[in-house]
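What follows is a set of notes on a single structure, which appears directly below.
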């Protein structure tokens, strides 16, 4: 088998199935990554969504027998909406990050990987292959960096010269001995914009992130959002793009290559108030196909309440009172109480006072007290 020719054939085929960039690397262990992951673990900087076994994250030999190489792929996604919707008084909108625009990228990339697998197997029927997207054991970024897809930026994203960091990544481990590509030289240089502007200081230094402070992670949690992050959330419902939008390498980068990734503005930037009363069925029908729905509607609704408080949207007070008094979920009741205090209208105060008499959940009562405190502070100022 001429593996150099096969590699060229795979590269050519990848272009026909909607893969924007492809790279090859060895299947040796990711020793540098292991040290970094151990440090992250020791500092409690992990999100908890990762594969817990660090050895599996860095050693392809634990995932398939006798791996020889890894193929890394990248697909570019849009950074701008072709059709824009505007958030205005009384009709405030939240925002899903760009990585949750269009069809769930896991679905899109798995489709590309399946086609690539089928092609390789048509050439080498007994090839051993294992593909993964995001939730697999390996680090997509570590593989992409070593395969020459791009360099690992200070914002902890892979940055490509062609598409900036607006790329989805996936990889395939194989037992085929492909010639590895050269890693790309780091081009961040002295630039530190992403670290400097991170809303919560989650980027500790170039290339190191405390996921526990990252807004992208925090928007996906299901409990009460810690107080220190609520005012930082803005109108974000899922994810955060700040470290991407400020990156000079992303300036002017906006690619509309894949129809599946085109955002529906009413989904990517939805009205906030209807989210407070959306049913499970309605949520699944409207948002179920996007990656930002994977945790269900509860985190999105909690974030919507915080976003409405951010806007001080008085037109949402009645909906918030309904959540405070009727919702069975303590996190939603409590967040509504806090939000009513932030908005600060008299009707909200009365609702908080009434709710305090009936509420039995200690955490919700604490949030009601926070809401009441906002009124006391405004009276004292």
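Computed quantities for the displayed model
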quantity	calculated
Output for region 325-381, where each listed residue is touching a helix residue (DSSP H, G or I) at 6+ places or on another chain (Cβ under 9 Å) and either outside any helix (DSSP H, G or I) or at positive phi (or both)	327, 329, 344, 345, 359, 361
Positions within region 211-244 being surrounded by fewer than 22 Cβ atoms within 10 Å (Cβ to Cβ) and in contact with a strand residue (DSSP E or B) (Cβ under 6 Å, 6 or more places away or on another chain), in sequence order	235
Yes/no for residue 11 being surrounded by fewer than 19 Cβ atoms within 10 Å (Cβ to Cβ), over 18 Å from the mean Cα position of the chain (by Cα), part of a helix (DSSP H, G or I) and modelled with pLDDT of 95 or more	yes
Looking only at region 260-292, and only at residues there that are assigned to a helix (DSSP H, G or I) and free of Cβ contacts under 8 Å to residues at least 12 places away in the same chain, the one that is surrounded by the fewest Cβ atoms within 10 Å (Cβ to Cβ)	281
Among the residues listed as 118, 126, 111, the single one being at pLDDT 95 or above, farther than 30 Å from residue 286 by Cα and part of a helix (DSSP H, G or I)	118
Number of positions in region 40-74 that are assigned to a loop (DSSP other than H, G, I, E, B), touching a strand residue (DSSP E or B) at 6+ places or on another chain (Cβ under 9 Å) and farther than 19 Å from residue 218 by Cβ	4
Test result for residue 275, touching a strand residue (DSSP E or B) at 6+ places or on another chain (Cβ under 7 Å) and modelled with pLDDT of 95 or more	no
One residue from 248, 299 being touching a strand residue (DSSP E or B) at 6+ places or on another chain (Cβ under 8 Å), surrounded by fewer than 23 Cβ atoms within 10 Å (Cβ to Cβ) and either more than 30 Å from residue 192 (Cα to Cα) or modelled with pLDDT of 95 or more (or both)	299
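The values are calculated or read from the model by the stated rules, or taken from the named source; none is laboratory data. Predicted model only: the values in this text are computed from it and were never measured. Every residue, glycine as well, gets a Cβ built from its backbone with ideal geometry; the counts of neighbours run over all protein chains shown.
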